[in-house]
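Some notes on the structure that comes next.
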Amino acid sequence: MNSKNKKRLVILFSIVTILIIIVFAIRQPILNYVIEKAKVKVKQKFNATLVVGNAEFNGIRELCIDDVALIPPNGDTLFTLKHLSAKIRLSKLLIGKVTTRSLVAQGVSITLIKKDSIDNYSVFLKSDSKKEDQSAKDNSIGLNERFASVYEKINDLFNEEITLENFHLSYQKNDVVESLDLPLLNFDGEKFNSSLVMNSKEGKSDWQIVGTANASEGEYDFSMVRKSSNVVALPFVDLYDGFKFCFDKANIQLKADISDDNVPFSVIFSMDNFLVNHWRISPENVVIPAMAAQFNLNFSADSVYTASPTFFSVNKLLVNFQTTYARGKKGYLTLNAGFDAPQAQSLFDALPAGMFSSFVGFKANGGLAYSLRFHLPFDKPDLLDFDSKLTPSKFSVTSWGNGGFTKMNTSFSFTAMDGSRPVRSFLVGPENPSFVPLAGISPYLQNCVLTSEDPSFFNHGGFVEEAFKQSIATNFKKGRFVRGGSTISMQLVKNVFLSRNKTIARKLEEVLIVWLIERNRLVSKERMFEVYLNIIEWGPNVYGIGEASNYYFEKPASALNLQESCFLSSIIPHPKYYKSAFDSTGAFSNSMKNYYKMIANRLVTREKITAAEVDTNFLPMQLSQACKNYLMPLDTLVIDSLEVIEPLEIVE
């Protein structure tokens, strides 16, 4: 090294030394300033109080902070910290990046409290919606960059030694308090181990958490094992909408390469004896003895897509899938999924307990294979590509178990439900004087119902893919559920065999039962339609076409004309709200007139009626007195004839 380079090196070393001396000389005033500024910001932004008892440097690189508290406006302390010690990496500090080599936190307590509509935490959750909206719309930042940024923070967190002593998290909702306690968690930079004590309203459970982390490679492996024998719900989640879940053991492995432009990310997950309960899933506890999944994802600038192998398994049933999400003007969502069960019984054995009660004891031979193809272009949802197939191979049923799927072939007892409330039970068959055989029901009524509910009922196998496609496209465009895709077969199975609970379990069970009944021809189409017309609700406590024709028109179902039949078909989706079909004279309202013309025109097109049969005079209908009393109740008040009365609003 020549003398000139030696001088440069000496000068550079001197400058760095002076800078370090200056930083160390003013670090305490800077720390005090930062803390005071943080206190002011918390007060201004949240009207909350930040308390810091003591903050100082210990030695060259250790920062110590004691007695920290965050007190919201309502006075219930949200956060307390007894002691925090952090050792700073000097090498990173010299390049302007503050990272720590080790972190020790003692006496950390987070207390969330909600009493009725008042809480001590929501004030801190409010964010700048304008910034969020702008960030969400900002496509200049690639999805790969966003994910890499988040994962880099995880790597930074596990790139240090961590000790956490006496960590306490609790949530109080009115009079119920649930909590989580970590007595001691140690992470030496590679491995961590900790006990965990949880308290929910169902009781106490003890757990062990172990894992390894390799931050430089972005690899993590975590396991959580229940040590106590009692099975109780995990805390916090059960206080949200009655959601409950627990398990015996869970393991998750993560790996990501954030240096790659496509950011490959893999997740391997498994769980033993998973139990979940929520009214949207099933009214009973759902238990899955063994559940696993593997996801191999890739993040590009404008898309997220899976690579093989990507699958999930429930018990012994393995479902493979591939999916792609692309954002932007030409964004789309694609999903291809399927399973192959050479032994069909493996599918039915895999059905979780608590979800498919109709299939308890069900036995089958042969094989089944399922495939799903789904592609939704966000800018043109009407071009949705959808194909779903369950293909049998020498499939046969040896035992129907608890299902009783053939009971519709003879007279059976039916219980009408209003949600989860039973209304009344009656016999579906000739023993019931209100029962009407299909041959005794007006062809007008049959054709109107088929046209409005399921035009291809006598030709399809229980499902109409086009109806599903239109339902998905319409709901996507509206941003909410406004249209269903249920066939008469699906409606019938729901009413006869299943509860009225609107759960995921019920819908899946409904689809499977329909497939079995239709494919195996357990019940003829004519009998299915006959049962359907004799059990569905047609008005308040009015069930079956026999009761409906008598309640509304005081005539047998065989004598219903086109207008009467059209009206009855119109109220099937909302049988309790039929007032909007009539005006004050008992004639069709404008909306009902339009509906009638639409159905009548379709019937003419399908050559079910002639144009001459379509009456558009719309004279007041001959309604029964009981129906009139419901539509236009008698007014018992004495009204001054000179007083201007606002017309009654008709309930839609």
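Computed from the coordinates by the stated procedures, all read-outs in this text should not be read as laboratory data. As the structure is a prediction and not an experimental result, all values here were calculated from the model. Every residue, glycine among them, receives a Cβ derived from its backbone with ideal geometry; neighbour counts consider all protein chains shown.
Quick notes on this one:
- Acute angle (nearest 10 degrees) that the helix 504-519 long axis makes with the longest principal axis of the chain, alpha-carbon atoms: 50 degrees
- A full extension of the chain between Thr324 and Lys82 corresponds to an added length of 82.4 nm, given 0.36 nm per residue minus the alpha carbon distance.
- Which listed pairs, of Lys115/Lys477; Lys227/Lys363; Lys407/Lys576; Lys201/Lys316, have C-alpha distances above 31 Å, in listed order: Lys115/Lys477; Lys227/Lys363; Lys201/Lys316
- With contacts taken as Cα pairs under 8 Å at a separation of at least 6 residues, the range 407-631 carries a relative contact order of 22 percent.
- Candidate lysines for bridging to Lys153, where Cα separation is under 17 Å - those fewer than 8 sequence places away on the same chain excluded: Lys92, Lys97, Lys255
- Length-normalised contact order of the chain in % [C-alpha pairs under 8 Å, at least 6 apart]: 6 percent
- In the chain the longest region clear of chymotrypsin sites (Phe, Trp or Tyr not before Pro) that are loop-assigned by DSSP and have at most 11 other C-beta atoms within 10 Å covers 241-480.
- Amide proton proximity set for Asn193, modelled H, under 5 Å, gap of 5+: Asn186
- Remark: the range 587-592, residue by residue, has Karplus-estimated 3J(HN,Hα) of 8, 4, 6, 4, 5, 6 Hz, where x stands for each Gly or Pro and the curve is 6.51 cos²θ - 1.76 cosθ + 1.60 at θ = phi - 60°.
- Cβ charges +1 (Lys, Arg) and -1 (Asp, Glu), total dipole of the chain, debye: 1740 debye
- Distance cut-off 38 Å, percentage of C-alpha pairs in the chain lying past it: 56 percent
- Eligible lysines near Lys593 by straight Cα distance, threshold 17 Å, same-chain separation 8 or greater: Lys579
- Straight-distance crosslink candidates among aspartates and glutamates, where the alpha carbon sits under 16 Å from Lys525 and sequence neighbours closer than 8 are dropped: Glu453, Asp454
- Evaluated with a Cβ-only charge set (Lys, Arg +1; Asp, Glu -1), the range 528-590 carries a dipole of roughly 120 debye about its Cα centre, given to the nearest 20.
- Using alpha-carbon coordinates, inclination of helix 3-46 to the longest axis of the chain, degrees: 50 degrees
- Percent of Cα pairs exceeding the 13 Å cut-off, where the set is the range 220-284: 71 percent
- Along the axis of the charge dipole computed for the chain (Cβ charges of +1 for Lys and Arg, -1 for Asp and Glu, origin at the Cα centre), the listed residues Phe468, Asn541, Ile513 are led at the positive end by Phe468.
- Amide H contacts of Glu161: Ser102, Leu103, each under 5 Å away and 5 or more positions distant or on a separate chain (H built 1.01 Å from N in the peptide plane; Pro and chain starts excluded).
- Charge dipole of the chain about the Cα centre (unit charges at C-beta), most positive-ward option of Leu318, Ala55, Asn601: Ala55
- Two-site FRET efficiency, Lys407 against Ser216, from Cβ-Cβ distance with R₀ of 60 Å, rounded to 0.05: 0.40
- The range 141-314, relative contact order in percent, only Cα pairs under 8 angstrom and at least six apart counted: 16 percent
- Restriction of the trypsin sites (Lys or Arg not before Pro) in the range 492-561 to DSSP coil positions whose beta-carbon has at most 13 other beta-carbons within 10 angstrom yields Lys502, Arg521.
- Think of the chain as a dipole: +1 on every Lys or Arg Cβ, -1 on every Asp or Glu Cβ, centred on the Cα centre; then among Ile441, Phe553, Thr163, Thr163 lies furthest on the positive end.
- Put the Cα centre of the range 340-414 next to the Cα centre of the range 237-281 and the gap is 26 Å.
- Sparse-neighbour loop sites [trypsin sites (Lys or Arg not before Pro); the range 149-242; at most 15 other C-beta within 10 Å; DSSP]: Lys201, Lys227
- Alpha carbon convex hull of the range 326-403, volume per residue in cubic angstrom: 117 Å³
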